[in-house]
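First up is the structure itself, then whatever we jot down about it.
The values are calculated or read from the model by the stated rules, or taken from the named source; none is laboratory data. Just so we're clear, the structure is a prediction, and the values are computed from it rather than from any experiment. Here the Cβ positions follow ideal geometry from the backbone for every residue, glycine too, while neighbour counts run over all protein chains shown. Remember, those area values only see protein heavy atoms, side chains included, never the ligands or the DNA or RNA. Shrake-Rupley method; radii C 1.70, N 1.55, O 1.52, S 1.80 Å.
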Amino acid sequence: MVTEGRIWVPYTLEQLAPLPGKLGGGSSIVDVYDGFDGAVPDTAADVELYVLPYTFDREPLARIADMPRLRMIQTLTAGYEHVLPYLPPGVLLCNGRGIHETSTAELAITLTLAALRDIPTFVRGQDAGEWRSGFYPALADKSVLILGYGAIGEAVDRRLQGFEVDVVRVARSARAGAHGPVRAMAELPELLPRADVVIVTVPLTEDTRGLVDADFLARLPAGALVVNVARGPVVDTEALLAELDAGRLRAALDVTDPEPLPADHPLRFAPGTLISPHVGGSSSAFLPRALRLIREQLERWSEGVTPANVVRD
């Protein structure tokens, strides 16, 4: 695949070292462009491989229109719906599979435990000088439904092992999984009434937009917890708000719709709701895995091997 075309990467060559020798030590055809800081390279017309910076901002995406020779885009995000409107025909799109599973799965478990054990109440009690003791729900003995069983869903499952829970795995179609059977989406109506916790890890597509709607939520038992570490629009915000305001369900959300969530949005004040600001992938685990994936993709590029993580071609 390698040619004389340019490559744009969002990290310094020192961070990415060692680069494949066929790329000329990196300095001959690799430019550093992080999307925002400093001058934009003047080599856009020669770029064939573009590694997007880790951002959902439109400015780096808009540069794609200035790349007539572009052949491949590498994202550092697991989801790629934000790139599709800018993707030229015939250009390979590769996502950040392998970067975010660890961090996002950790946060999914953190949000689940924090919501169930009501950690926000303890924090507020500490701030108020109050000793808010009592009994709180445990994760143990719960039925946890993982909605979406890709790399992140499987990583969540691995971390649930040992918590003494019954894990129900759900994907688009049924199959055998490393930790147990994976059920089909079509079975959700019969699975949801037995789910104490639902952890949402599906990608955002036209099929999953609004998947967690009023009917979905109504099937959950009273007191169930909805944890969303996927994308905000997978959940119908108004339908979720109705359940939260009624006190029937609880929620722990790393993503919301809209996002960022306005300061006066009612979701911020809904009872039984814990919100983190879309930081599933934003941890110390991100950079080492991002650099490793970029190096692997550059190696494949230099050897003429099909890249990993192709999601559109």
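The residues of the stretch 68-119 that are farther than 18 Å from Ser282 by Cα and among the aromatic types (Phe, Trp, Tyr) amount to a single one, Tyr86.
Only one residue in Gly210, Gly177, Gly134 is surrounded by 16 or more Cβ atoms within 10 Å (Cβ to Cβ) and modelled with pLDDT under 95, so which one is that? None of the other options fit; the residue is Gly177.
When you look at Leu70, is it modelled with pLDDT of 90 or more and in contact with a Leu (Cβ under 7 Å, 6 or more places away or on another chain), yes or no? Criteria not met by Leu70. Annotation note: of Thr104, Thr75, the sole residue that is polar (S, T, N, Q), under 19 Å from Arg312 (Cα atoms) and buried (at least 19 other Cβ atoms within 10 Å of the Cβ) is Thr75.
Each residue in the stretch 275-286 was checked for being at negative phi and either part of a helix (DSSP H, G or I) or open to solvent by 40 Å² or more (accessible area, probe 1.4 Å) (or both), and 7 of them qualify. Taken over the stretch 156-173, the criterion of being aliphatic (A, V, I, L, M) and either surrounded by fewer than 18 Cβ atoms within 10 Å (Cβ to Cβ) or in contact with a helix residue (DSSP H, G or I) (Cβ under 9 Å, 6 or more places away or on another chain) (or both) is satisfied by Val156, Leu160, Val167, Val168, Val170, Ala171. Among the criteria (1) modelled with pLDDT under 95; (2) open to solvent by less than 50 Å² (accessible area, probe 1.4 Å); (3) under 24 Å from Ile29 (Cα atoms), the one Val305 does not fulfil is (2).
One line per residue, one yes/no per condition, for (1) touching a residue at least 40 places away in the same chain (Cβ under 8 Å); (2) over 30 Å from Pro18 (Cα atoms); (3) assigned to a loop (DSSP other than H, G, I, E, B); (4) in contact with a His (Cβ under 7 Å, 6 or more places away or on another chain):
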{"site": "Ala263", "(1), (2), (3), (4)": "no, yes, yes, no"}
{"site": "Pro288", "(1), (2), (3), (4)": "no, no, no, no"}
{"site": "Ile294", "(1), (2), (3), (4)": "yes, no, no, no"}
{"site": "Ser302", "(1), (2), (3), (4)": "yes, no, no, no"}
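The sole residue among Val202, Val198, Val182 that is of a type in the set (Val, Ile, Thr), in contact with a strand residue (DSSP E or B) (Cβ under 9 Å, 6 or more places away or on another chain) and either in a loop (DSSP other than H, G, I, E, B) or open to solvent by 70 Å² or more (accessible area, probe 1.4 Å) (or both) is Val202.
Table: residues versus (1) closer than 21 Å to Thr205 by Cβ; (2) part of a strand (DSSP E or B).
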site	(1), (2)
Arg63	no, no
Ile73	yes, yes
Gly79	yes, no
Leu93	yes, yes
Gly96	yes, no
Ile99	yes, no
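Looking across the stretch 78-90, the residues that are surrounded by fewer than 18 Cβ atoms within 10 Å (Cβ to Cβ) and modelled with pLDDT of 95 or more come down to Leu84, Pro85, Tyr86, Leu87, Pro88, Pro89, Gly90. So, in the stretch 18-32, of the ones that are surrounded by fewer than 18 Cβ atoms within 10 Å (Cβ to Cβ) and assigned to a loop (DSSP other than H, G, I, E, B), which residue ends up modelled with the lowest pLDDT? This residue is Ser27. Is there a residue in the stretch 83-105 that is among the aromatic types (Phe, Trp, Tyr) and within 15 Å of the chain's Cα centre (by Cα)? No: the stretch 83-105 contains no residue that is among the aromatic types (Phe, Trp, Tyr) and within 15 Å of the chain's Cα centre (by Cα). Restricting the first member to the stretch 128-142 and to residues that are assigned to a loop (DSSP other than H, G, I, E, B), and the second to residues that are open to solvent by 60 Å² or more (accessible area, probe 1.4 Å), the beta-carbon pairs closer than 6 Å and six or more apart or on different chains are Tyr136/Arg117; Leu139/Phe163; Ala140/Glu164.
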